[in-house]
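Here's the structure, in structure tokens; my notes come after.
The values are calculated or read from the model by the stated rules, or taken from the named source; none is laboratory data. Everything numeric here is computed off the predicted structure, so don't read it as measured data. Glycine also receives a Cβ, built like all others from the backbone with ideal geometry; neighbour counts cover every protein chain displayed.
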Amino acid sequence: MDMRAEGTPVENGQAAFRDALIAAGLLIPTGVDGLYGRSGVFEDVVERFNDLITTWGGDDGADVMRFPPGVARHQFEQSGYLKSFPHLAGTVHAFKGDERAHQSLLRRLEEGEEWTDSQMATNVVLTPAACYPVYPTIAERGPLSADGALVDVYSYCFRHEPSLDPARMQLFRMREYVRVGTPEQVMDFRQRWVERGRALMESLALPVAVDLANDPFFGRAGRMLAASQRDQGLKFELLIPIASADQPTACLSFNYHQDHFGLLWDLRTPDGAVAHTACVGFGMERVALALFRHHGLDVKAWPAAVRAVMWG
Ligand code: ATP
Ligand code: ZN
Ligand code: MG
């Protein structure tokens, strides 16, 4: 089911696929780009895929941690996120006024005036990537054992990147495995997951390509960071065409942070060296969308082999 007419601009293809997903009831629109509800069928696909990740990664003995979709503001501030991605961050603000301020808020709301400027920052920031709460948690435990650490996390994440592309949401789920240890341990982990991730996605009969990538670092200095990230081969993505054949979408990411988080959080290996870190991230909605794009919007009509992998 190719929604793209020849020569159609990418944005049209994306909007057409979004409309088809909404018409099929899989995504529930809210009137805000990138903010959707999901149907039971969509959620079932996400849950089955989530279990599949555990099937492929569960034997490694990862420590399971589940955090709500917010990080502590002090941890967020220390994480360096605002240096690199100020444009994507979402802070949680709340009303902290007295009764007079409440009356003023209601009056402005009634009159269609700006009311949010009196909201005050809370100590919660929306989680930008599922692995963010892991590093300070591991740091709290003191020096690593010789095996290092391996953590399994799963969280809703927020990024302020409203888009008509249904694969670019503002609130989406990311399942991650995070490795902390020596450079060798961390590189081994990433290499294993590049291969596993490819095999996992191919078991679902999806067309995949793995390619070098970079993060969308902010500003002019950010362009240099992005170039150096590429030169050093620090980020790979597993790409699948979703709404556009020429611009496939990153569904899995394999990131090597070198000693970036180790230095920030003072993570140490037993010999006192700064630990290195890496993570593999699965974009859960993107994988579901890739399955709908390639196997059709009706899960009952998916190829039997794919249904067998998903539903046993
Ligand atoms: P992109 O280049 O498409 O913006 P990214 O490099 O920002 O992706 P990561 O920061 O590596 O992605 O996030 C890990 C995974 O989370 C991605 O591989 C992708 O599957 C998913 N993801 C990232 N941003 C979004 C989004 N806005 N909506 C849905 N899924 C996303
Ligand atoms: Zn991560
Ligand atoms: Mg991005």
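In region 148-251, counting only strands (runs of 3 or more DSSP E) that sit wholly within it, the ones holding 2 or more residues that are crowded, with 16+ Cβ neighbours inside 10 Å, touching a strand residue (DSSP E or B) at 6+ places or on another chain (Cβ under 9 Å) and of a type in the set (V, I, T) span 149-158, 171-181.
Just to verify a result, which residue in region 168-189, among those that are under 17 Å from the mean Cα position of the chain (by Cα) and not hydrophobic (A, V, I, L, M, F, W, C), is farthest from ligand 3 (Cβ to nearest atom)? So, considering only residues that are under 17 Å from the mean Cα position of the chain (by Cα) and not hydrophobic (A, V, I, L, M, F, W, C), the one farthest from ligand 3 (Cβ to nearest atom) is R179. Just checking, does region 221-237 include any residue being away from ligand 2 (no atom under 16 Å from the Cβ) and at pLDDT 95 or above? Among the residues of region 221-237, not one is away from ligand 2 (no atom under 16 Å from the Cβ) and at pLDDT 95 or above, which makes the answer no.
In the set G80, G58, only one residue is at pLDDT below 95 and more than 27 Å from L263 (Cβ to Cβ); that residue is G58.
Which one is nearest to the chain's Cα centre (by Cα), of the residues in region 238-255 that are among the small types (G, A, S) and more than 16 Å from ligand 2 (Cβ to nearest atom)?
A243
Looking across region 256-279 at every residue that is of a type outside the set (S, T, N, Q) and part of a strand (DSSP E or B), the one that is nearest to the chain's Cα centre (by Cα) is identified as C279.
Restrict the check to region 263-279 and report whether at least one residue is of a type outside the set (D, E, K, R), buried (at least 17 other Cβ atoms within 10 Å of the Cβ), more than 16 Å from ligand 1 (Cβ to nearest atom) and closer than 27 Å to N50 by Cα. The answer is yes, given that some residue of region 263-279 is of a type outside the set (D, E, K, R), buried (at least 17 other Cβ atoms within 10 Å of the Cβ), more than 16 Å from ligand 1 (Cβ to nearest atom) and closer than 27 Å to N50 by Cα. Restricted to helices (runs of 4 or more DSSP H) entirely inside region 1-118, those with at least 1 residues that are in contact with a helix residue (DSSP H, G or I) (Cβ under 6 Å, 6 or more places away or on another chain) and surrounded by 15 or more Cβ atoms within 10 Å (Cβ to Cβ) are 40-57, 73-78.
Kindly provide the set of residues from region 150-184 that are over 19 Å from V46 (Cα atoms), in contact (Cβ under 8 Å) with a residue 40 or more places away in the chain, out of contact with any Cys (no Cβ under 6 Å at 6 or more places or on another chain) and more than 8 Å from ligand 1 (Cβ to nearest atom), ordered by number.
The answer is L150, V151, H160, P162, L164, R179, V180, G181, T182, P183.
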